[in-house]
Amino acid sequence: MVTLSRKNYFAEKIVFVDGLPGCGKTLFSYIISAMDKVELLSYSYEIEHICQLFYLDKIQLDAAKTMISIQTDLKLYNTMMGRDVNFRPSDLSSAHNYYNPSKYFNRLNDVGDAAIPEKIIQEKPILNFSVHNMLAFSDPVWESLGERCVFIEVVRHPLYMVRQQVLNMQNMIATARSFSVYFEKDSNELIYYVKGWEDKYLQSNSFERVIYFMDNLTRKTQKARDKITLEFESNVLTIPFEQFVLDPDLWMDKIAEVIGTNITNETRKIMKEQNVPRDMVSQGVDLDIYRRCGWKPPEENSTERDELNIRREEIAREISSDALVVLDRLSKEYEDQYWKLDA
């Protein structure tokens, strides 16, 4: 049996902005893309799929490593020529929404192919991926990219993530629009992250599934983070959403340091467009896409605790007492570690 290998590469730095659905990672990817040398926010479902297949023992490590190395280099190579770039104006990942759209329009008419390797050496571009739930399943990424890889892990209070995740459970999971790997058990088609708690998933409603999903992924991610940071401590940065949007300066400096880039005037401009910093966590940008994902502006004269209580009451009406115990535990653990509201 041959052992696969890829020793040469283009991409010197690859940033993965990761987190659970509803954690706010799009905001981070958008701001990071306005930092010096960082490319437009993009998605890499191929790398997510490779990690999912490896988690389900359906692909060998050398194959996973090789494919991830190829995919990152191919993405960078094509991006430098204007290929695989999103030009749909309404999308958050569109070149139209990049702080300097002309950069990508100009690439369409620039020389490409053989000229690209030298351009990469001169410009030192940084790939900027937004990914989903990947740190918990990221072993092949670290095995492939090593020190070239940086994870910006965005965490957020569980009560703020439930609305979007319930909408995902009800409208996307187990449909053709769910571009994740599924497996079959007892004639049920189940998404990859359900492995190990299939029965609980099948016995739960959409709200309960979200709570058990957050509980399971939080534990898996913590375990993976502990393992990864033994070797790559400086390459994983965990950022609480609440701390960032209320007081971003310290975190911005840390992001720039771990990526190896600089904060620019354009970065500050994009932060302002994203209402960062803000007075309350829920004072996000009022866009249709965020409302479709469950975002609502804060109630008039409400406090941070009021906003959390509103969400808890909304969820409690839909779930069992057992699921509520899990949700309350997750909330307390999060507040104890990241957001001491009552301190």
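The values are calculated or read from the model by the stated rules, or taken from the named source; none is laboratory data. All values derive from a computational prediction rather than experimental measurement. Virtual Cβ from ideal backbone geometry, glycine too; neighbours counted across all protein chains shown.
What the table below lists for this structure:
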quantity	calculated
Subset tally (residues that are in contact with a Ser or Thr (Cβ under 9 Å, 6 or more places away or on another chain) and part of a helix (DSSP H, G or I)) for the range 211-243	6
Subset of the range 214-231 [among the hydrophobic types (A, V, I, L, M, F, W, C) and closer than 18 Å to Arg311 by Cα]	Met214
Condition met for Phe28 (among the aromatic types (Phe, Trp, Tyr), at negative phi and surrounded by 20 or more Cβ atoms within 10 Å (Cβ to Cβ))	yes
Qualifying positions in the range 59-117 - surrounded by fewer than 18 Cβ atoms within 10 Å (Cβ to Cβ), of a type in the set (Asp, Glu) and more than 17 Å from Tyr30 (Cβ to Cβ)	Asp62, Asp84, Asp110, Asp113
Restricting the range 156-212 to residues that are of a type in the set (Phe, Trp, Tyr) and within 18 Å of the chain's Cα centre (by Cα), the residue that is farthest from Gly22 (Cα to Cα)	Tyr192
Among residues of the range 10-28, those that are among the hydrophobic types (A, V, I, L, M, F, W, C) and part of a helix (DSSP H, G or I), counted	2
Scope the range 154-204; condition polar (S, T, N, Q), touching an Asp or Glu at 6+ places or on another chain (Cβ under 9 Å) and exposed (fewer than 15 other Cβ atoms within 10 Å of the Cβ); matching residues	Asn188
Options Pro277, Pro240: the member that is at pLDDT 95 or above, farther than 21 Å from Leu40 by Cα and in contact with an Asp or Glu (Cβ under 8 Å, 6 or more places away or on another chain)	Pro277
Residues that are in a loop (DSSP other than H, G, I, E, B), in contact (Cβ under 8 Å) with a residue 24 or more places away in the chain and of a type in the set (A, V, I, L, M, F, W, C), drawn from the range 168-191	Phe179, Val181
Number of positions in the range 192-210 that are assigned to a helix (DSSP H, G or I), of a type outside the set (A, V, I, L, M, F, W, C) and closer than 22 Å to Glu313 by Cα	3
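Conditions tested, residue by residue: (1) under 22 Å from Thr261 (Cα atoms); (2) part of a helix (DSSP H, G or I).
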position	(1), (2)
Cys51	no, yes
Ala64	no, yes
Gly82	no, no
Phe87	no, no
Gln122	yes, yes
Asn128	yes, no
Asn133	no, no
